[in-house]
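Beneath this line is the structure, given in structure tokens, with notes to follow.
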Amino acid sequence: MRCYQLTAFGQPLAKHDQPAPEPVGTEVIVKVRGAGVCHSDVHIWEGHYDLGGGKKLSFAERIKFPLTPGHETAGEVFRIGPDAKDVKLGAKVLACSWIGCGDCEQCLAGDEHLCAKPRFLGVNCNGGYADLVTVPHPRYLVDIGDLDPVAAAPLVCSGLTTYSALKKFGAALQQSPVVIFGAGGLGLMSLGVLQMMKGHGAVVVEIDQRKREEALKAGAIAAIDPRAPNAAQMIRDATGRPVRLILDLVGSGETASLGIDLLEKGGKLIIVGLIGGETMLSVPMVPMKSITIQGSYVGSPTELRELVEMVKVSGLPAMPLDRRPLAAASSALDDLRQGKVVGRVVLVP
Ligand SMILES: [Zn+2]
Ligand SMILES: [Zn+2]
């Protein structure tokens, strides 16, 4: 099997040829049909997150080289370990990458994505930039039926992340438009997921003209350039009512500040993006406006199943897909880092 591995931060991925893994215990080997390239892969490649104020969160202690990135993997069940039950050879599946220790309070509650000892595929363990990926237990496989694995792969991260975040708005989603910061892979996916959830619509805020056009094509009510001198007023006008729901898929100091400024009484800002930075917060405004600032990180295996069930009924969210051969893994990361990708790159082995 081929795999494209990170052997040092900031270096091109290296192609390695390895023998196909033999599954032991409950392991299942999945033949990769599609591996999405996510912006988090760029952060992993760079080796850190920007915490703001010159501070960085390093991946150095979390990652063991060589690492095969790729946490948006879809494929077919290829080999089944002797103790793996309820799984069929050839079944089309997503590999849920959000795997925890299995023993802690969070894991036992089903929130493995919040485990303090993660075993995330493509982050802590080898992922999908390969011909084959090893999944530790069939409970992390989600059957996709007849869905195209290439188009379905991004559900594992961008789909799940936006679904789990939008769910946190609760019933307000059906009553009020969401202001969405960023129309990259996550932003375009969130528009499709919002439609599946019968949301009231979205006003997208994005600096890139091409991405604003894609957002409008994907059904946004309006797409606004935050660099316009009267951007905040344009956003308020486009929502046509007080801004109460904001989804920040960028996650920079600037977007967080804009979000906090825009929120009206009782509003909620959910931060998902990890671009980095910091913001000042006027503390009394938090209680006086009774606002909520909440983080959301990927989602649980159960939420991934919920999302896939919705997709089986509504169809996959329309999003530009850029299919590239597995051998293009390194250049795809480069393009994403430089902002050259519209929609989602999916590597096809
Ligand atoms: Zn991701
Ligand atoms: Zn755990």
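The values are calculated or read from the model by the stated rules, or taken from the named source; none is laboratory data. What you see is a predicted model, and the numbers here were worked out from it, not measured in a lab. All Cβ positions, even for glycine, are placed from backbone atoms using ideal geometry, and neighbour counts span all protein chains on display.
Have a look at 75, 100, 81 and point out the one that is closer than 27 Å to residue 329 by Cα, in contact with a strand residue (DSSP E or B) (Cβ under 7 Å, 6 or more places away or on another chain) and either in contact (Cβ under 8 Å) with a residue 12 or more places away in the chain or hydrophobic (A, V, I, L, M, F, W, C) (or both).
The match here is 75.
Return yes when residue 15 is modelled with pLDDT under 95 and either crowded, with 23+ Cβ neighbours inside 10 Å or of a type in the set (D, E, K, R) (or both) and no when it is not.
Spelling it out, it is not the case that residue 15 is modelled with pLDDT under 95 and either crowded, with 23+ Cβ neighbours inside 10 Å or of a type in the set (D, E, K, R) (or both).
Return the pairs, sorted by first residue and then second, in which the second residue is within 16 Å of ligand 2 (Cβ to nearest atom), the first residue lies in region 40-62 and is outside any strand (DSSP E or B), the beta carbons are less than 8 Å apart, and the residues are 6+ apart or on different chains.
40/123; 44/123; 62/123; 62/124
Could you tell me which of the residues 275, 271, 293 is at pLDDT below 95 and under 21 Å from the mean Cα position of the chain (by Cα)?
275
Could you grab me the full set of residues in region 30-65 that are exposed (fewer than 15 other Cβ atoms within 10 Å of the Cβ) and not charged (D, E, K, R)?
Scanning region 30-65 gives 51, 52, 53, 54, 57, 58, 60, 65.
Taking region 99-120 on its own, how many of its residues are in contact with a Cys (Cβ under 7 Å, 6 or more places away or on another chain) and surrounded by fewer than 13 Cβ atoms within 10 Å (Cβ to Cβ)?
Looking only at that region, the number is 2.
I need the full set of residues from region 102-118 which are in a loop (DSSP other than H, G, I, E, B) and either over 20 Å from the mean Cα position of the chain (by Cα) or within 16 Å of ligand 1 (Cβ to nearest atom) (or both), in order please.
Once the filter is applied, which keeps residues that are in a loop (DSSP other than H, G, I, E, B) and either over 20 Å from the mean Cα position of the chain (by Cα) or within 16 Å of ligand 1 (Cβ to nearest atom) (or both), region 102-118 yields 102, 103, 104, 109, 118.
Pick from region 282-322 the residues that are in a helix (DSSP H, G or I) and touching a Cys at 6+ places or on another chain (Cβ under 9 Å): which of them is farthest from ligand 1 (Cβ to nearest atom)?
Filtering region 282-322 for residues that are in a helix (DSSP H, G or I) and touching a Cys at 6+ places or on another chain (Cβ under 9 Å), the one farthest from ligand 1 (Cβ to nearest atom) comes out as 305.
Among the listed residues 224, 246, 235, 180, identify the single one that is surrounded by 17 or more Cβ atoms within 10 Å (Cβ to Cβ) and free of Cβ contacts under 8 Å to residues at least 24 places away in the same chain.
One residue alone meets the criteria, 224.
Scan region 222-251 residue by residue and report those that are under 24 Å from the mean Cα position of the chain (by Cα) and either part of a loop (DSSP other than H, G, I, E, B) or farther than 19 Å from residue 188 by Cβ (or both).
Those that are under 24 Å from the mean Cα position of the chain (by Cα) and either part of a loop (DSSP other than H, G, I, E, B) or farther than 19 Å from residue 188 by Cβ (or both): 225, 226, 244, 249, 250, 251.
So which residues in region 77-101 are within 22 Å of the chain's Cα centre (by Cα), away from ligand 1 (no atom under 16 Å from the Cβ) and part of a loop (DSSP other than H, G, I, E, B)?
Selection gives 100, 101.
Going residue by residue through region 333-349, is there one that turns out to be within 16 Å of ligand 2 (Cβ to nearest atom), in a loop (DSSP other than H, G, I, E, B) and touching an Asp or Glu at 6+ places or on another chain (Cβ under 6 Å)?
no
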